[in-house]
Amino acid sequence: MKGVGWTMIDILLFVVLPYLAIFICVFGSIYRIRTAPLTYSSLSSQFLENKGLLWGSLPWHLGIILILLAHVVAFLLPGFWQSLMSNFSILLAVEAIGLGLSVLCVLGLVVLGIRRLTSSKLQSVTSTMDLVVTLLLLLQVGLGAAIAVHHRWGASWCSGTTTPYVWSIITFQPDISHITDLPVLVKAHIIGAWMFLFIIPFSRLIHMFAVPIEYLVRPPQNVVWTNPRKWATEEDAFAADETRRHFVRAFCGIAFGGFLLGVGTLRNIFLFFFGPRLSRKEETEMMELRLSRLESTVDQRKLELERQAANYILVCQFSELSAETGKYFIDYKMQPAIAFKGKDGLPLLISAKCTHLGCTVGNNVDNQGRILCPCHVSYFDIETGQPNAEAPAKAPLPHIGWVIMDERGKILARRNADGRTEGVIAAENQGSARVYIAKSQEAQA
Amino acid sequence: MIRLGTAINTIADFLRERFPVEKLNYHSMVEKKEVPIHRMSWGYYTGGLTMFFFMMQVITGLFLLFYYQPTVSDAHVSVEYINKHVAGGALIRNMHAWSSSCMIFFAMVHLLTAFAMKSFVKPREITWIAGVLLLFITFTFGFTGYLLPWNQIAVNATKVGLQSVEYVGQYLPGQLADVPRILRETFQGESSVGQSTLGRFYALHVVILPFALAGLLGLHLLSVQLHGMSQGVDQPAKRSEKFMSIFVFKDLTLWATVFLILFVLALCVPFESFLPFPLLSPFNALGSTPAGIKPEWYFYFVYYPLELLPFWVILVASLVVVGILFFTPWIFKGTSRRTLGFIALLAAAYLVIMTVFGEQIYHFFKH
């Protein structure tokens, strides 16, 4: 079991002392509980002095219980602990909470110490051991806080150092090579820990084996003086006590929840307002997207302007027309419309604004020559514009007149809003002919 | 002159009873207040929950305000930016969406329980009417907020919604027939749903409606505290608990629990996951309306009947219901809470069935 470079002192402090301390702690405590069961508590001094106790004992116990709990979890479930600490946010939170709790402990201890030293009532029940314990605790907690400050991220580095050391002690294969190179502060903290195990049976610390956990859930009890003068106010005292108990419980819950929420979300809330810092690639993509949306808005605006000024608006090339799939365009009223090729081979322009509630009608013609409005299922015949009988739409979709011009702007054919068609398109012109809607026809309609 | 004097006196008496100034102090509004304990006590929490979700809306809404841009070219991109790039942005937006639905849900539950508990009779008429107005404002919040992401379903559903306003015109005589169209164009701001509409809805959603709601909520809460909790059941409850601090802390505990649920829900389930993607793509003015356009679930109870029945039936029914809601304190003055509870239960059943099975009912009758 002996490794290279272990000094006699190391073995004495980190192997012999632990086993001695554990032995004394276990058997000493059992002996004391057996022989002097009534001393197996912290000898309450609440009746002698109450206010200082509240502001000392409460923060101290709150802090130390949570800190000890974290130590126990770190040592007993190393895998779980390590996986938790590999998340930086959690590590940061644990370190911060740990340091905060140790400050709470120190404050509590100082209050408790001052109380022991200054209250004349307490002086009579204070033993030397009590003062020694207070001093040792102050030292140990101070060491812990100092480690948290000077040798940061202990919650993380413990998994390679102190945790395997503690396991080697528990499994009776002592191996101190994990801790021999640790800083003096940490070593002192470890020695302090074993010292505490050592003195448990000889001090008030033994009360930790008699923690009255059931007090948390039992119905509240009130100690009342056997004094007629105090009986009179007994009921008020109970009511006030009940209210305060309720308040403290709710306040603790809300404070703790708010604290957790704050710790968990503070960074994200800050980052939310700080704003994202995009990579060059993301930035470029974002810009391109922005630009394309802006361009489509610009196109839309241009269309609107064009409709104010131009006498003719291009729908599409004549050759682009199809009988099955219509081409969307925007008419003079800035409403959607569709261009098809009709049965006569000429353009067929029909409004696409459903006469029911104004949805945009689809552009695919089904086998019965109808187009569908998907909102409330109305089928419109493209030849007549009429909706089917069961459709919620009752009015037909209006047809729109058109003009066909060649490249030079010469009008080849036109259909007016009333449906009359003039002119024909010669076969040789079909490639270059373009379909327009005309402002004059809009005025007629 | 004597008549005018009595009229003023009547109004003054009315107000004096609704706003008893002598009770306008901390002692009688908070310290002395008691909350009855009976089988309907849970109803006292529904209003608080609605207010909690409103507060969530204000907070998350303020967050979103930092990044959202209300223009037709940028609205959709900015929403995408919040979702993809801003730290916690998707969560905040998702909480805003979930919480909006929850707010509307609990506002409706609150209305029904308050009705069943007869919390509207003298001197609580003003509380009730303020509450009904608050409900309508909440619905308007939902309608205006829906447009802001400027995606296919948002713009198209808004188009349909606004167009149905115009539909009312056909039942109005003469000059009045034009009023709904003028009304729609006022809200729309231009011939089709576009930039002007977005600007108007944005102003309504983030400034006008919140101020209106906050003001009315102040009136609502003031009268609740002035008159205390209504007794809620026909036989006055034997037990009660202190409002301060027992009930307040119970309320806070509930809020904390609900916040946790909302937070986890928003973290795990994107609100938009209930819609097919094409509906969430940016609005395209040149193209067919995609299939499956329908309003948010909280409009189903009027949307599906609208699809099934003639428009005038829905119009008349809505007017009657709105009228009943506003005049409830006088119509149901003498009705027992048992009967009121039964009516509330029927209304709740209708709302639940239409919301959950509306689509099936629609298909059953239409195909």
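The values are calculated or read from the model by the stated rules, or taken from the named source; none is laboratory data. These figures come from a predicted structure and were not determined experimentally. Cβ atoms come from the backbone with ideal geometry, glycine included; neighbour counts cover every protein chain shown.
Brief remarks on what is shown
- The sole residue among A:435, A:365, A:424 that is in contact with a helix residue (DSSP H, G or I) (Cβ under 6 Å, 6 or more places away or on another chain) and within 18 Å of residue A:344 (Cα to Cα) is A:435.
- Selection within segment B:42-70 - facing chain A (nearest Cβ under 8 Å) and in contact (Cβ under 8 Å) with a residue 24 or more places away in the chain: B:63
- Here residue B:234 meets the list (1) of a type in the set (D, E, K, R); (2) within 11 Å of chain A (Cβ to nearest Cβ); (3) closer than 25 Å to residue B:131 by Cβ almost entirely, failing just condition (2).
- Positions within segment A:245-266 being more than 10 Å from chain B (Cβ to nearest Cβ) and farther than 28 Å from residue B:88 by Cα, in sequence order: A:245, A:248
- Taking the criterion of being surrounded by fewer than 20 Cβ atoms within 10 Å (Cβ to Cβ) and among the β-branched types (Val, Ile, Thr), the residues of segment B:46-69 that qualify are B:46, B:58, B:59.
- Test for residue B:266: is it more than 30 Å from residue B:95 (Cβ to Cβ) and crowded, with 17+ Cβ neighbours inside 10 Å: no
- Contacts under 8 angstrom Cβ, first residue in segment A:252-263 being free of Cβ contacts under 8 Å to residues at least 60 places away in the same chain, partner surrounded by 12 or more Cβ atoms within 10 Å (Cβ to Cβ) and not hydrophobic (A, V, I, L, M, F, W, C), 6 or more apart: A:253/B:253
- Pairs where the first residue, in segment A:292-304, is more than 22 Å from residue A:439 (Cα to Cα) and the second is in a helix (DSSP H, G or I) and hydrophobic (A, V, I, L, M, F, W, C), C-beta under 8 Å, 6+ apart: A:293/B:77
- Taking segment A:312-379 and the strands (runs of 3 or more DSSP E) fully enclosed by it, the elements with 1 or more residues that are touching a Cys at 6+ places or on another chain (Cβ under 8 Å) and away from chain B (no Cβ under 12 Å) are at A:336-341.
- Residue among B:305, B:295 that alone is within 14 Å of another protein chain (Cβ to nearest Cβ), surrounded by 13 or more Cβ atoms within 10 Å (Cβ to Cβ), part of a loop (DSSP other than H, G, I, E, B) and under 24 Å from the mean Cα position of the chain (by Cα): B:295
- Count of residues meeting criterion [among the polar types (S, T, N, Q), in a loop (DSSP other than H, G, I, E, B) and touching a residue at least 12 places away in the same chain (Cβ under 8 Å)] in segment B:71-119: 2
- You will find that of A:381, A:366, the residue that is in contact with a Leu (Cβ under 8 Å, 6 or more places away or on another chain) and acidic (Asp, Glu) is A:366 and no other.
- In segment A:119-134, the residues that are part of a helix (DSSP H, G or I) and closer than 17 Å to residue A:53 by Cα: A:120, A:121, A:122, A:123, A:130, A:131, A:133, A:134
- A Cβ distance below 8 Å, combined with a sequence gap of six or more or placement on separate chains, defines the contacts here; from segment B:133-161, residues that are within 11 Å of another protein chain (Cβ to nearest Cβ) reach residues that are aromatic (Phe, Trp, Tyr) and crowded, with 24+ Cβ neighbours inside 10 Å in the pairs B:158/B:201.
- Scanning segment A:162-176 for residues that are surrounded by fewer than 15 Cβ atoms within 10 Å (Cβ to Cβ) and assigned to a loop (DSSP other than H, G, I, E, B) yields A:171, A:172, A:173.
- Some residue of segment A:23-34 being on the phi > 0 side of the Ramachandran plot, more than 44 Å from the chain's Cα centre (by Cα) and either in a loop (DSSP other than H, G, I, E, B) or at pLDDT 75 or above (or both): no
- Residue B:315 over 24 Å from residue A:391 (Cβ atoms) and either charged (D, E, K, R) or modelled with pLDDT of 90 or more (or both): no
Residue-by-condition table, conditions (1) without any contact (Cβ under 8 Å) to a residue 24 or more places away in the chain; (2) of a type in the set (Val, Ile, Thr); (3) in a helix (DSSP H, G or I):
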position: A:69; (1), (2), (3): yes, no, yes
position: A:75; (1), (2), (3): no, no, yes
position: A:80; (1), (2), (3): yes, no, yes
position: A:84; (1), (2), (3): yes, no, yes
position: A:91; (1), (2), (3): no, no, yes
position: A:96; (1), (2), (3): no, no, yes
position: A:103; (1), (2), (3): no, yes, yes
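- Flag if residue B:267 is assigned to a helix (DSSP H, G or I), out of contact with any Cys (no Cβ under 7 Å at 6 or more places or on another chain) and within 9 Å of another protein chain (Cβ to nearest Cβ): no
- Applying the set (1) under 17 Å from residue B:100 (Cα atoms); (2) crowded, with 17+ Cβ neighbours inside 10 Å to residue B:288 leaves exactly one unmet item: (1).
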